[in-house]
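See structure below.
The values are calculated or read from the model by the stated rules, or taken from the named source; none is laboratory data. All of these numbers come straight from a predicted model, not from anything done at the bench. Note: ideal-geometry Cβ built from the backbone for every residue, glycine included; neighbour counts use all protein chains shown.
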Amino acid sequence: MNGEAIPAPLLPTPLLEVRQLAMHFPISEGIVLNRKIGEVKAVDGVDFTINRGETLGLVGESGCGKTTTGRCILRLERPTAGQILFDGRDVNRMERQELTALRRRVQVIFQDPYSSLNPRMKVGDIIGEPIKVHGVERDPRRRRDRVRELLSVCGLDPKFTDRYPHEMSGGQRQRVGIARALALDPEFIVCDEAVSALDVSIQAQVINLLEDLRERFGLTYLFIAHDLSVVRHLCQRVAVMYLGRIVEMADSDELFDNPLHPYTQALLSAVPVPDPRIEAARAFRPPRGEVPSPINPPSGCVFHPRCPMAVDGCKQARPVLRELRPRHWVACSEVN
Amino acid sequence: MPPLLEVRALHTEFRTGAGLVRAVDGISYTVEPGETVAIVGESGSGKSVSALSILRLIPDPPGRITNGEILFDGKDLRRLTEPEMREIRGRDIGMVFQEPMTSLNPVLTIGRQITETLEQHQGVDRAAADRRAIELLELVGIADPARRLKQYPHQLSGGMRQRVMIAVALACNPKLIIADEPTTALDVTIQAQILELMKTLARRFNVAQIIITHNLGVVARYAARVNVMYAGRIVESGPADAIYHAPRHPYTMALLRSVPRLDRPRQARLDPVDGQPPDLTRLDGGCAFRPRCRFAVERCGQEQPALEPVEGGHLAACFRSTELLASQDVAA
């Protein structure tokens, strides 16, 4: 991280490719004779790519599998099926040395700035730890300089090195989490609900910081979030997940202005906009029912029990993602 | 007709290790019968404490209501005895909290939570209470209510539990429902269902509502009038349209400018509220928003601006609110 901007490549090249990713967690019963009695299909056949320098938003409601997808990419879970290629290499086949390198190149920012920072460590040690563990900078004084640099890059006063997390506000703590993620000069960062716990007035500051860092260091983000307004602002492309599957994927403005999948349409219509005049004029029908259990997901299209457009065929065949408009993919057999 | 609720110069303090916190520092507002009023603010602004103060549910110690009046339906709630207050809670004022898992009793069936309220306040017998409970569950959109009555809170989804909370709140035909972040823990499609349900039922039974939230979209959709809180005070108050389209307090203006919008194409950058949230143990005699305010002048450091009318029912607590009138319509 020398502060120089990295020029964007002329042709987009995929940095991350996710192919037919599936993560089924077993449900077992019994203590002595532990038997598997079923499985939770948290992620069930997900495909997407992220190009270098791009931010892909992964959105959906609780239990749709967005966080599990992120954890598989970070190799915190071993997927049941499918491949995750980082810079062309399958992360699940990496041996020790390559995996160590991956751990430097791929970082994560978590939601909760209260539980993701060790309360017994000073801020300087929290940020300096990855630098030390990976042997990037063995000289303590130079390491300290590096930590101070990272703090100021993230908009914090370098004097914060000697503070503890509890002495800081939520926004400041999240900046510490970001500084830690940047410590090893990563190329790719999984942001899992990275701004969701922050108050409105602080959230905008951190969103701007994430955008500045992306430009300055040529970062690529997978931005996992449930807040669609934040995703529209921050992401170039967006994938909508429902019950372990991607139902729609498109460029950000295209997806939010012309949602094609009935689930995306329902989701967008449920979000109130901060303007009473617009709200008063909006026709508003919240989607009926609740998300079914991923243990026994509906047959065919998983959205069919709640879908206003569903026909008999939707109960049988699982719809595949089709490119209905340029760069706009939809998994629905009834939309054309 | 007098307002249903009139809060006058309410003060609530907490003694903490770090010092005295004036969580609610002299707020005044009214709620008319059948009206929906929002209290909007960020963490620590005092919005929840102000609601708990109305219900006299502030844990003492460390908290205490130190001053003010809470006039509800002709009575000053601060002067009531605890047994009298218990009669008001759940009967005249219903409550819906953020976390239905913690506000429902985990060892009582859904049916019992509703019938308990009915037996306590209306003295009906068990069979009548059971019939009424089934009716209430149907009303809040719970399918197969007779079966649900026998289930426990953990057997229901978050959205279902919040529907049960609404059924309990409505059980005794209250005049007012206080909903503290009623949908914050829920997914957006369930949030929409619950808020629509509350709106429909409030209209049908002419119940007034106080909705406490940090979500500016929820306020825009459901509230007729809005109180914006910052550091324990109401800094701006008025009809929703005026608050969103002609805000007169720099905090309201900054807040509206800083939210990313779902209905607008991507912009280059957001315009955040500068600085950090206030430390309530270290407030001085000036305006608490001053360190983050783009319009601050010397006077703002010396005295606290009072909440004063700027136009009709629109009030703002800012020395420069008349000058801010000329500023742009931030929401449009």
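If A:Ile224 satisfies all but one of (1) in contact with an Asp or Glu (Cβ under 9 Å, 6 or more places away or on another chain); (2) modelled with pLDDT of 95 or more; (3) assigned to a helix (DSSP H, G or I), what's the number of the condition it fails?
(3) is the only condition that A:Ile224 fails.
Suppose the filter is in contact (Cβ under 8 Å) with a residue 12 or more places away in the chain, within 13 Å of chain B (Cβ to nearest Cβ) and in a helix (DSSP H, G or I); does A:Gly177 pass it?
In short, no.
Tell me, which strands (runs of 3 or more DSSP E) lie completely within segment B:22-96 with 2 or more residues that are within 14 Å of another protein chain (Cβ to nearest Cβ) and under 15 Å from the mean Cα position of the chain (by Cα)?
B:36-40
Can you find a residue in segment A:105-122 that is of a type in the set (A, V, I, L, M, F, W, C), crowded, with 18+ Cβ neighbours inside 10 Å and in contact with a Lys or Arg (Cβ under 8 Å, 6 or more places away or on another chain)?
Checked segment A:105-122: at least one residue is of a type in the set (A, V, I, L, M, F, W, C), crowded, with 18+ Cβ neighbours inside 10 Å and in contact with a Lys or Arg (Cβ under 8 Å, 6 or more places away or on another chain).
When A:Phe303 is evaluated against the numbered criteria (1) touching a residue at least 60 places away in the same chain (Cβ under 8 Å); (2) aromatic (Phe, Trp, Tyr); (3) out of contact with any strand residue (DSSP E or B) (no Cβ under 8 Å at 6 or more places or on another chain), which criterion, by number, is the only one it fails?
(3)
How do the pairs read when you match residues in segment A:110-132 that are without any contact (Cβ under 8 Å) to a residue 40 or more places away in the chain and within 18 Å of A:Leu151 (Cβ to Cβ) with residues anywhere that are crowded, with 16+ Cβ neighbours inside 10 Å and of a type in the set (Ser, Thr, Tyr), using Cβ under 8 Å and keeping only pairs 6 or more apart or on different chains?
Within 8 Å, the pairs are A:Gly124/A:Thr161.
In segment A:118-159, how many are touching a helix residue (DSSP H, G or I) at 6+ places or on another chain (Cβ under 9 Å), acidic (Asp, Glu) and in a loop (DSSP other than H, G, I, E, B)?
Within segment A:118-159, residues that are touching a helix residue (DSSP H, G or I) at 6+ places or on another chain (Cβ under 9 Å), acidic (Asp, Glu) and in a loop (DSSP other than H, G, I, E, B) number 2.
Enumerate the pairs (first residue in segment B:22-34 and on the phi > 0 side of the Ramachandran plot; second residue anywhere and small (Gly, Ala, Ser) and in a strand (DSSP E or B)) with beta-carbon separation below 9 Å, excluding pairs fewer than 6 apart on the same chain, so at least 6 apart or on different chains.
B:Gly26/B:Ala9; B:Gly26/B:Gly68; B:Gly34/B:Ala208
What's the number of the only condition in (1) farther than 23 Å from A:Arg318 by Cβ; (2) at pLDDT 95 or above that A:Val18 fails to meet?
(1)
In the set A:Ala283, A:Ala266, which member is within 14 Å of another protein chain (Cβ to nearest Cβ), closer than 20 Å to A:Gly65 by Cα and of a type in the set (A, V, I, L, M)?
Unique residue meeting the criteria: A:Ala266.
Kindly establish whether B:Gly301 is away from chain A (no Cβ under 12 Å), buried (at least 21 other Cβ atoms within 10 Å of the Cβ) and under 23 Å from B:Gly19 (Cβ atoms).
No.
Can you tell me how many residues in segment B:171-181 are surrounded by fewer than 23 Cβ atoms within 10 Å (Cβ to Cβ) and either at pLDDT below 90 or more than 15 Å from the chain's Cα centre (by Cα) (or both)?
Result for segment B:171-181: 4.
Of everything in segment B:110-132 that's surrounded by 14 or more Cβ atoms within 10 Å (Cβ to Cβ) and of a type in the set (D, E, K, R), which residue is nearest to the chain's Cα centre (by Cα)?
Across segment B:110-132, the extreme among qualifying residues is B:Glu116.
Take segment B:8-21 and flag every residue that is within 14 Å of chain A (Cβ to nearest Cβ) and of a type in the set (A, V, I, L, M, F, W, C).
The one that is within 14 Å of chain A (Cβ to nearest Cβ) and of a type in the set (A, V, I, L, M, F, W, C): B:Ala18.
Under 6 Å between Cβ atoms, at least 6 apart or on separate chains: pull out the pairs that start in segment B:269-281 with a residue that is among the polar types (S, T, N, Q) and end on any residue that is assigned to a loop (DSSP other than H, G, I, E, B).
B:Gln276/A:Ser169; B:Thr281/B:Ala18
Mind listing whichever residues of segment B:90-141 are more than 10 Å from B:Val168 (Cβ to Cβ) and among the small types (Gly, Ala, Ser)?
B:Gly111, B:Gly123, B:Ala127, B:Ala128, B:Ala129, B:Gly141, listed by residue number.
Residues to consider are B:Thr184, B:Thr102; find the one that is modelled with pLDDT under 90, surrounded by fewer than 18 Cβ atoms within 10 Å (Cβ to Cβ), within 27 Å of the chain's Cα centre (by Cα) and not in a helix (DSSP H, G or I).
B:Thr184
Considering each residue of segment A:243-257, count those that are within 14 Å of another protein chain (Cβ to nearest Cβ), charged (D, E, K, R) and part of a strand (DSSP E or B), and give that number.
1
Yes or no: segment B:150-161 includes at least one residue that is within 12 Å of B:Ile114 (Cα to Cα) and in contact with a Gly (Cβ under 9 Å, 6 or more places away or on another chain).
yes
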